[in-house]
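The block underneath contains the structure these notes are about, expressed in structure tokens.
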Amino acid sequence: MRTVLLCAGMAAGSLLAHQAAAANSTSLWPTSEDKAICDPIFSKLDQAEQGTLVAQAELPKPSAEKEVKQDKAKTKEADEKELTNQLSAMLQACSYDGKALKVDAKAMKASTEAEGAAAVGRIMRYTGLPQNFTIMESDVPNAAAIIVLGQDGIPKRVIAYNRKFMQQVAQATGESDWPGTSILAHEIGHHLSGHTLIPGGSQPPIELEADKFSGFVLFKMGATLPQAEKAIATLIPEADGPTHPGRKKRLAAVEAGWTQSCEQQREKCGDDQVVAAAEPRAPNVPQQVEPQTTAAVPPSVAAASGNTAAAPDTTGAVPMPQIPGPFDGIQMPNPNAAPKAIRPAVIDHVPKLAADATPSKFDRFVYDEVGVFDPDVRDRLQQIAFQFAAAANVEIVTIVAEDLQGRTPDQYALDVMRQLRVGKLDVGNGAVLVVSPSTKETGLALGPGLTVLFENDDSVKRRLESYLELVAGGGQPQKVSSTIADAAYRIMRQTQSLEWYVRYPSFAAYSVADAKNREDRAKATTPFDPAKDPIFQKLLRVDATIVSKSPDINDRKLMVNEPRSRFVGPAMQVRTPDGKDVVLYVNLDVPALMPVPLEEGKRYAFIARDTILKTGAPQLDLISYDRLD
């Protein structure tokens, strides 16, 4: 079976406003009529998939394959077809906020015109980040961030847009450019940030993140603040909804992003200022590694099996960059060579950090507030980090900080990771490296998905510290700046082989695969190969309720691993709806990065990584989570 996850992002609110106005509805949010339609469906889905909005559909198979399997699977295919029809109808009946909508999943197709792809491509040029999604035209009511499980079984992120809706936006706002651009930028923000897109999850915080990202990018593209806010000011209702904040909060988020982008470029930031768009600086912000094109979606589309983190789009096969080795940056002195002329350093500005600030995606992989990077070293690191993010789906940001803003170096790195959303929120695959020349300190923050790889490994920190030691010994900062870059390359070399999508969409699916894997390994005569193992260190989703954040370490049924509690994080006991206990090891940085806290007695969708521990209850490392009730 194939699945797709659909999250009506900004448009969920804007479309509801538009449709409600057209229909003279008295409510922009779910009415009693909507609940009468949707509640029985959600109840049925809750029983079938533990609370996740699901519709399943079989992808078309080659005719030859169908002929071979037709006799053997005739009854099964009939049953699956019936289920597909039933659940597809459910998808067409309800949106994720409970408002009754008509969505024809079968109508999703490759775009027949280039305007949508061109608009997205233009936005991406100003993000400084690789594109991790594809574009398609659809009968979705407006624009939506979607996760589709492809024919290869790997989840992929898609932005679907309705061309007629974009035309209606232009008519409603009186403008043909900026409102539509802001809507697409909002949806792009969802994907680049790695939002989980869970029905029933904590939507309002991530909607504000996407709004802030939209404002940030639109400033860089040349929009004034009123132009960046036009779509929300025109289409969004004033009152808060169940999944989308009201107009005032969303306008504030757009303004925060627009202002941050302006201040980052050290411009005067009046809201009526027209900022001429400039093409992104090269080579510090590389061109996209793949064309910004539309992508076909299978004509039979299903809806969502839960919180399925998506792999980066690989249409056109993104190549892995050649990662420099630990000695590649060392240049032996040549007495006969002419002195090298070093270009002027590029100075960056890291946004002001604040605990209450709405996070918004970063726009470069290297921030140098002091000017210590040799421009050639910086350009190479920026280019390789960009390509590595596209190929391996791991984001590594390197910062030379002028001011740690009253924080320790490690806390500064963690706050940057949270506020600039380094790494995808759902799978925790980011790293922030910090060097503070003025205080002679270094800092490091690793996303929860990377922490397990560096449990007892301080090699990254040591590489950063070696830069300070070389400068203290008389080395010129720019000439030894390659030692900073090598710390980032060290992380790349260590992480390039890991998967960063959710292999198992439910704990039940993981348990079945784990049992079969143990049986197969018991019969195997070849040595264990972690690279080929279908379970080892793979990601899975667990829908469960927190039983205890401090379980009894002496409970023989749980078998909490005390060393892992010290090196990874404290153990937490959770229980699935069918009564199975699971032990999650919670790195202390995880709650700091998530939009909502962990509370006993509350139900969550957890993303976790398999561990080598196989005694007692299942033992997993927590990567991320989202509230489900």
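Just a few scattered comments:
- Checking every one of the chymotrypsin sites (Phe, Trp or Tyr not before Pro) in the stretch 493-540 against DSSP loop status and a limit of 11 other Cβ atoms within 10 Å picks out PHE528.
- Accessible surface of LYS230, taken over heavy atoms with a 1.4 Å probe and every protein chain present, rounds to 60 Å².
- Loop-located GluC sites (Glu not before Pro) in the stretch 405-505, at most 12 other Cβ atoms within 10 Å (DSSP): GLU455
- Listed residue pairs exceeding 30 Å between alpha carbons, taken from LYS220/LYS424; LYS249/LYS352; LYS220/LYS352; LYS532/LYS602; LYS361/LYS461: LYS532/LYS602
- DSSP-assigned coil residues among trypsin sites (Lys or Arg not before Pro) in the stretch 475-545, each with at most 12 further Cβ atoms within 10 Å: LYS532
- Distance (nanometres) between label positions extended 7 Å along Cα→Cβ at ARG343 and VAL596: 4.7 nm
- Three-way shape call for the stretch 401-476 based on the alpha-carbon gyration tensor, with the a/c threshold at 1.5: oblate
- For CYS269, solvent-accessible area (1.4 Å; no DNA, RNA or ligand), Å²: 50 Å²
- Cα gyration tensor shape of the stretch 492-621, rounded if a/c is under 1.5, else prolate or oblate by comparing a/b with b/c: prolate
- Note on exposure: ASP529, ASP356 ranked by accessible area (1.4 Å probe, complete protein assembly) read ASP356, ASP529, with the most exposed listed first.
- The orientation-averaged projection of the convex hull spanning the C-alpha atoms of the stretch 364-522 amounts to 10.9 square nanometres.
- Three-way shape label, the stretch 559-608, alpha-carbon gyration tensor, a/c 1.5: oblate
- Probe 1.4 Å, all protein chains present, accessible-area order of ILE135, ILE347, largest first: ILE347, ILE135
- Between GLN322 and SER459, the simple spin-label model (points 7 angstrom out along Cα→Cβ) gives 2.1 nm.
- When nucleic acids and ligands are ignored and a 1.4 Å probe is applied, ASP379 ends up with an accessible area of around 20 Å².
- Modelled label positions at ASP177 and GLU369, each set 7 Å beyond Cα in the direction of Cβ, lie 3.4 nm from each other.
The values are calculated or read from the model by the stated rules, or taken from the named source; none is laboratory data. Please read these numbers as outputs of a predicted model, since none were measured by experiment. For neighbour counting, all protein chains shown are included, and Cβ atoms are generated from backbone atoms with ideal geometry for every residue, glycine included. SASA here: full protein model, heavy atoms, side chains in, ligands and nucleic acids out. Shrake-Rupley method; radii C 1.70, N 1.55, O 1.52, S 1.80 Å.
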